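Take a look at the structure set out below.
Only the coordinates and a few stated rules stand behind these numbers; no lab work does. Bear in mind that the values here come from a model prediction, so they are computed numbers and not experimental data. Virtual Cβ from ideal backbone geometry, glycine too; neighbours counted across all protein chains shown.
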Amino acid sequence: MAETIFTYAAPSLKFGRGASHELAHDLTGLGATRVLLVTDAGVAATGHPARIAEQLRQAGLQVEVYDQAHVEPTDVSLEHAVAYARGLGGIDGVLAVGGGSSIDTAKAIALMSTNDGDLADYLNAPIGKGRAPAKPLLPLVAVPTTTGTGAESTTVCVLDVLALKVKTGISHPALRPKLAVVDPDLTITQPAMVTASSGMDILCHALESWTAKPYTSFDAKRPEQRVPYCGANPVADMWAEKSMRLLAASFRQAVRDGSDADAREKMSMAATFAGMGFGNAGVHIPHADAYPIAGRVRGYVPDGYPADEPIVPHGMAVALTAAEAFRYTFDSDPARHLEAARFLDPEARGDDADTLPRVLRSLMDDIGIPEGLAAVGYGEGDVDDLVEGALKQQRLLAISPKPVTGDDLARIFQASL
């Protein structure tokens with residue numbers, strides 16, 4: 001029997017320039033009196049977290065600051081953050097100010113501050129035990145300073161498990177922030193490559209939710225079996241389409257001129273809409289591929305990121321196989337893939353499997369994303385390891401609009417070199 005029900009959820013949202021100046025009111029409304037502000041060193045250097053912390057203190061809240069969130073969190077970095085929060089004691093609210101890395105670190109803190117056990121207990125199976133939280137999480141307010149991750153809208157905390165060289169996550173509806181405060185003014189300080197990479201994450205969130213397996217294609221579920229990622233559905237489709245249209249009007253300009261306030265606001269809105277879409281429909285092959293690409297990085301260091309640590313940023317890792325992934329999924333619904341190509345480029349020509357990949361590659365060239373996996377250090381000999389890592393992401397691959405095997409993934413990776 002086919003599924004006839006889809007679900008939709010999203011955090012409360014406050015959007016607009018200057019929205020971050022109202023956080024004391026927002027946190028007080030959630031009952032917070034002693035707040036842990038979570039950020040990373042790069043975002044801290046912009047001055048935004050210090051300004052926000054001071055405003056909260058002036059309003060009478062106690063504020064502790066943790067500025068050691070790791071760019072692309074690991075099990076080790078999250079364990080450090082959790083130990084810090086547990087050591088403080090008495091925290092009754094968490095405020096994330098930063099990109100997806102800070103927000104995901106804050107999610108782990110909100111979870112582990114009220115629930116016992118180790119981080120590994122909550123990681124998605126088969127890497128972890130897939131344990132569900134037994135107690136309510138600390139209230140979390142997420143304030144993104146990058147336009148892309150959608151972490152402020154989602155139920156997922158993503159991390160690298162260092163010993164296994166693989167990305168995984170913790171996934172549960174309780175991880176969704178209570179409130180997302182999106183202030184486009186905070187994104188002005190993003191370097192161009194950060195804007196490009198995080199923008200590709202927006203784009204793939206929207207594209208993958210738009211092309212995801214329809215919710216009606218799944219077997220019917222019992223109420224207790226329902227998960228946040230339920231497949232493409234009319235509500236998620238609405239957000240995905242709007243996100244792609246906004247990107248078409250703003251992405252290239254935001255990379256060219258980071259001070260363009262209008263482009264930044266459109267990018268922030270696109271990120272918010274994409275998060276509200278994929279946070280319910282789900283993502284599939286490009287994101288599954290991205291986990292091992294980021295987890296097995298060697299010596300690549302992109303512009304605008306810390307020079308002392310090799311990294312393939314998440315949005316870049318997603319983008320590197322996106323063109324070939326959508327070439328592979330084209331025949332699942334050609335009309336939908338062609339619609340997406342024209343949302344992103346109204347002048348796009350063609351009506352075949354090459355149309356959407358051409359649009360993506362043209363955009364990536366214009367914004368400076370590397371041309372393929374080889375440009376970030378991977379070669380033919382890495383394909384088997386990359387496939388192995390991607391196959392561990394069955395939670396995501398289940399959302400693919402057509403079945404995907406290890407051989408299919410190998411061809412996608414090889415064509416993306």
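Data overview
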{"item": "Order of 259, 250, 153 under a 10 Å beta carbon neighbour criterion, fewest first", "result": "259, 250, 153"}
{"item": "Whether segment 81-130 is rounded, prolate or oblate, judged on the alpha carbon gyration tensor where a/c under 1.5 counts as rounded", "result": "oblate"}
{"item": "Rounded to 5, percent antiparallel among DSSP beta bridges of the chain", "result": "25"}
{"item": "Value at 222 nm in deg cm²/dmol, rounded to 500, when DSSP H runs of n ≥ 4 in the chain each add -39,500 (n - 2.57)", "result": "-14000 deg cm²/dmol"}
{"item": "Unit charges at the beta carbon, dipole of the chain: most positive-side option, 343, 409, 48", "result": "48"}
{"item": "Estimated translational D of segment 315-417 in µm²/s (Stokes, Kirkwood radius over Cα pairs; 10 °C; 1.306 mPa s)", "result": "111"}
{"item": "Nearest-20 debye value, the chain charge dipole, Cβ charges on Lys, Arg, Asp, Glu", "result": "1040"}
{"item": "Residues 218, 278, sorted so that the one with the fewest Cβ neighbours within 10 Å comes first", "result": "218, 278"}
{"item": "Folded to 0 to 90 degrees: helix 75-88 orientation relative to the chain principal axis, Cα", "result": "20"}
{"item": "Relative packing of peptides 6-18, 40-52 - highest average C-beta neighbours within 10 Å first", "result": "40-52, 6-18"}
{"item": "Per-residue Cβ neighbour rank within 10 angstrom, fewest leading, 80, 314, 337", "result": "80, 337, 314"}
{"item": "Top positive-direction residue, dipole computed over segment 188-415 with Cβ charges, set 295, 229, 393", "result": "229"}
{"item": "³J(HN,Hα) computed for each position of segment 143-159 - Karplus, 6.51 cos²θ - 1.76 cosθ + 1.60, integer Hz, glycine/proline x", "result": "10, x, 10, 10, 9, x, 5, x, 4, 5, 10, 9, 9, 10, 10, 9, 7"}
{"item": "Most to least packed among 238-247, 26-35 [average Cβ atoms within 10 Å]", "result": "238-247, 26-35"}
{"item": "Phi-based couplings in Hz for segment 398-414 (Karplus 6.51, -1.76, 1.60; Gly and Pro marked x)", "result": "5, 8, 4, x, 9, x, 9, 9, x, 5, 4, 5, 4, 5, 5, 5, 4"}
{"item": "Vicinal HN-Hα couplings computed from phi for segment 37-45 (Karplus, 6.51 cos²θ - 1.76 cosθ + 1.60; Hz; Gly/Pro x)", "result": "8, 10, 8, 10, 4, x, 5, 4, 5"}
